[in-house]
Amino acid sequence: MAFPSDEPGYPGTAFPLEPFDASFGIPVRPRKFQSRIWLHLVLLLLTIGSTTIAGALHYHSFISEFSPQPIPLRWSLLLQGFWYSGTLLGILGAHEMGHYLLCRRYNVDASLPYFIPMPPLIFLTGTLGAVIKIREAFPSRRVLFDIGVAGPIAGFVVLVPALFYGMTLSNVVPEPTQGSVLYLGEPLLFKLATLTMIGPIREGYTVNIHPMVFAAWFGMLATALNLLPFGQLDGGHITYATLGRWSTPISIATVGSAVAMTFVSMSWLVMTLMMLVMLATLGPRHPRVIDEHEPVGLERNLLAVFALIMFILCFTPVPIQLQDLVGTR
């Protein structure tokens, strides 16, 4: 804390101003971890609503089993929507609280999670995820690493059992031969869960995934995107904490790779545009921490390898593909 000084030897010294308590004659430092609870609750409730409606629509698709005969929508499906919304918000909430609790541990000022609701008829997920706002510089590379890696690990711990259990609720049905079908890319972890819980899939058949699996799939996608070694994403924090100045060319290469991936799948477009905006507004360099010279140590380097393994298990080059099957068989 800095104080204005009248002592000899400090002529003309400038100090940052702080809130001043006139009753005691001392500066008052603002309290950390202050949040507008009402705003976080409103966003959470809206996201519960949007994801539950999205979950009801996913459950309706699940019970239809690609049948050409339409099944009427019923209000009772809203209750089934919690399979999806509860799982998804559990994964996203665990991810953000992993960051937040480590911020509390290291006394790095941060907000509670902001959940982001989206119209379920436009966005299949009913949400764009959740974020926290960190309000001050990280004190060291170790602290930066711990806060950055805590979120993906916490979300991963929740999504893995949800994925495997959700597979037991899924079923195998004949592949559709008409209409428009949305195919989800299958990360390695998804393939492992399918093989373990269902077994090999015969030719001409496909897995009709339960909404809980779709929530876990979106959790895998969010984990993989957050672990991209770019800028101020979680992967960017981890890369800067472990590799220092090498994180800048890695970050630029990541953006270039994302641009190239848009030619493979248009589902990369939103993430690529977001990274380009961040690159233009924040620059390619990660913000410096206060103590640049503290080494992260062997244990954290091993955790960085685990984060890379999580990325490989959750990544898919073509996340979503819409295919028109009209006239095919």
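The values are calculated or read from the model by the stated rules, or taken from the named source; none is laboratory data. All of these numbers come straight from a predicted model, not from anything done at the bench. Note that we place each Cβ from the backbone using ideal geometry, even for glycine, and neighbour counts take in every protein chain shown.
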Practice prompt. Name the residue, out of S251, S267, that is within 30 Å of E136 (Cβ to Cβ) and crowded, with 17+ Cβ neighbours inside 10 Å.
Written response: S251
Item to complete: Under 9 Å between Cβ atoms, at least 6 apart or on separate chains: pull out the pairs that start in the range 156-185 with a residue that is farther than 30 Å from F306 by Cα and end on any residue that is of a type in the set (D, E, K, R) and assigned to a strand (DSSP E or B).
Response: G179/D324; S180/D324; V181/D324
Worksheet item: For the range 115-141, what are the residues that are buried (at least 18 other Cβ atoms within 10 Å of the Cβ), small (G, A, S) and over 17 Å from I48 (Cβ atoms)?
Response: S140
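Yes or no, residue by residue, for (1) closer than 23 Å to I91 by Cβ; (2) modelled with pLDDT of 95 or more:
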residue: P284; (1), (2): no, no
residue: R288; (1), (2): no, no
residue: V296; (1), (2): no, no
residue: R300; (1), (2): no, no
residue: I309; (1), (2): yes, yes
residue: T316; (1), (2): yes, no
residue: I320; (1), (2): yes, no
residue: D324; (1), (2): no, no
residue: R329; (1), (2): no, no
Response to the item:
Note on the range 112-166: residues over 24 Å from N208 (Cα atoms), touching a Pro at 6+ places or on another chain (Cβ under 8 Å) and small (G, A, S) are A130, A137
Practice prompt. May I ask you to list the residues in the range 125-154 that are outside any strand (DSSP E or B) and small (G, A, S)?
Written response: G126, A137, G148, A150, G151, A154
Response to the item:
All conditions in (1) within 30 Å of T47 (Cα to Cα); (2) in contact with a His (Cβ under 7 Å, 6 or more places away or on another chain) are true of S247 except (1)
Worksheet entry | Scan of the range 10-58 for residues that are part of a loop (DSSP other than H, G, I, E, B), modelled with pLDDT of 75 or more and exposed (fewer than 14 other Cβ atoms within 10 Å of the Cβ), ordered by number | R31, K32, Q34, R36
Worksheet item: Quick check: anything in the range 237-250 at pLDDT below 85, under 21 Å from the mean Cα position of the chain (by Cα) and of a type in the set (A, V, I, L, M, F, W, C)?
Response: no
Discussion item. Just to check your reading of the model, which residue among L128, L169, L112, L221 is touching a His at 6+ places or on another chain (Cβ under 7 Å) and within 30 Å of V289 (Cβ to Cβ)?
Written reply: L112
Discussion item. Please count how many residues of the range 275-307 are surrounded by 15 or more Cβ atoms within 10 Å (Cβ to Cβ) and of a type in the set (A, V, I, L, M).
Written reply: 8
